[in-house]
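Just so you know, all these numbers are worked out from the coordinates, no wet-lab data involved. Everything numeric in this text was worked out from a predicted model, so none of it was measured. All Cβ positions, glycine included, derive from the backbone under ideal geometry; neighbour counts span all protein chains shown.
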Amino acid sequence: MSTIVRRISELIDLAAHTLPADTDLALRRIVHVLTSSDGEPRDPALRDLLEQLALRLFSGAPVETRHRFAEYLGGIVNAPRRLSARVAADAIEVARHALASPALTRVQIQSLIDATTTDHRRVIAGRSDLDAGLSAALIAHREEPVLNALAANHAARLSPDSFFDLIRLSADFRSLQVALLQRPDLSATALKMLHDVVSAQLKEYIERRFGRRLREELRKDAAIAMVEDLADQGRLRPSFLMRALHQRNTDLVAATLSHFSALPFALMRAAVRQAAAGPLARLCRAMGIGAPGFETILVLNRRLQGLSLTLDDDEAREVDLVFPRRTRRFSTASYAA
């Protein structure tokens, strides 16, 4: 008889005759056999037998014993997964340690979110390994203690939609607003949404702490609204770029480029601020703007951004690929004229 089979036989005999006071010891011995590097059973059937034995012992143990064992199991990184899931589904005073266990799989965590209580979900919301899907599942239950714990957990990943859901829910759960304002992944769009729903006191705090980001988001919204309104009226033309540049309105330029190119506003705003000649040339050509119009737009935008009007050789070559005949005459220093 091998050493591992002998140890398992001893454990089964122990479990068959164990007293309630000895259950904790028996459970720990089983976990040790399942997790120790020198004696871990490789045969899946033996592992399954041991886990079933542990599950039976745990289910019949008094609450004090289950509590002690849960605390022990929660500290074992490679704890048996089925046993960890069973312990995590117990009453919250027992389950609390196991709910934070790294041994739980994503599928098991999702099941626990769906099948347990608000107290269980509040502990789960504090886990450091929550992905966007698990965070969304927690938000779907709309429980204030869970939402607060999730918002305060900066390691939890939130999709943009989940962040916006939390902001909308914060209109009813006011305690959520402060936690959301403290998150490092608070976007400018989310900040503006929060500004719209918070109290007057928090509005003052947002304007004092995030004033620049908030003003930037408001300018963006105003620019996009103006461009879309002109488009709806059939009055938006590529030449509107000139008007926006003469107004020294970077966001209006970016909103116009975004509309005609169908590319994200943030990407267009970055392109405008960098004033890169090659990308701007390609955008102009896609909008039906010829070389003279591109030249004017480039010069106006570089002046707006406070950048040199002179193209270096690499930029000139990029522009030549888009407007070859024209740019061979003015591809470098003539722009500075």
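With no solvent and one point on each alpha carbon, what is the Debye value of log10 I(q)/I(0) for region 233-336 at q = 0.11, 0.12, 0.23 Å⁻¹? Debye curve over Cα of region 233-336, log10 I(q)/I(0) at q = 0.11, 0.12, 0.23 Å⁻¹: -0.29, -0.35, -1.30. Ranking GLN247, LEU283, ASN78 by how far each Cα lies toward the positive end of the dipole of the chain (charges on Cβ) leaves GLN247 at the top. With respect to the chain, whose longest principal axis is taken over its alpha-carbon atoms, helix 23-35 is tilted by about 50°. The slack in the chain from SER199 to LEU25, taken as 0.36 nm per residue of separation less the alpha-carbon distance, amounts to 57.1 nm. With distances taken between every two different alpha-carbon atoms, region 158-292 has a Kirkwood hydrodynamic radius of 16.6 Å. Label point of ARG273 set 7 angstrom out along Cα-Cβ; within region 160-179, no amide nitrogen lies under 13 Å from it.
The calculated pair-distance distribution of the chain uses every alpha carbon pair, bins of 20 angstrom beginning at 0, and gives 24, 32, 25, 17, 3 percent.
With contributions of -39500 (n - 2.57) from each DSSP H run of at least four residues, the per-residue ellipticity at 222 nm computed over the chain stands at -21000 deg cm²/dmol. Scaled against 2.2 N^0.38 Å for its residue count N, the alpha carbon radius of gyration of region 119-192 is 0.95.
Computed from label points 7 Å out along Cα-Cβ, the spacing between ALA262 and ARG243 is 2.5 nm.
Each Lys and Arg Cβ is given +1 and each Asp and Glu Cβ -1; about its Cα centre, the chain then shows a dipole of about 1360 debye. Gyration tensor analysis over the Cα atoms of region 66-161 returns equivalent ellipsoid semi-axes of 22, 13, 11 Å (largest first, whole Å). Overall form of region 171-228: prolate. Here a/c, set by the Cα gyration tensor axes a ≥ b ≥ c, is 1.5 or more, and a/b is the larger of a/b and b/c. Measuring between their Cα centroids, region 222-251 and region 276-303 lie 16 Å from each other.
Please determine, in degrees from 0 to 90 and to the nearest 10, the orientation of helix 277-286 with respect to the longest principal axis defined by the Cα atoms of the chain, where the helix direction is its Cα long axis. Helix 277-286 sits at roughly 80 degrees to that axis.
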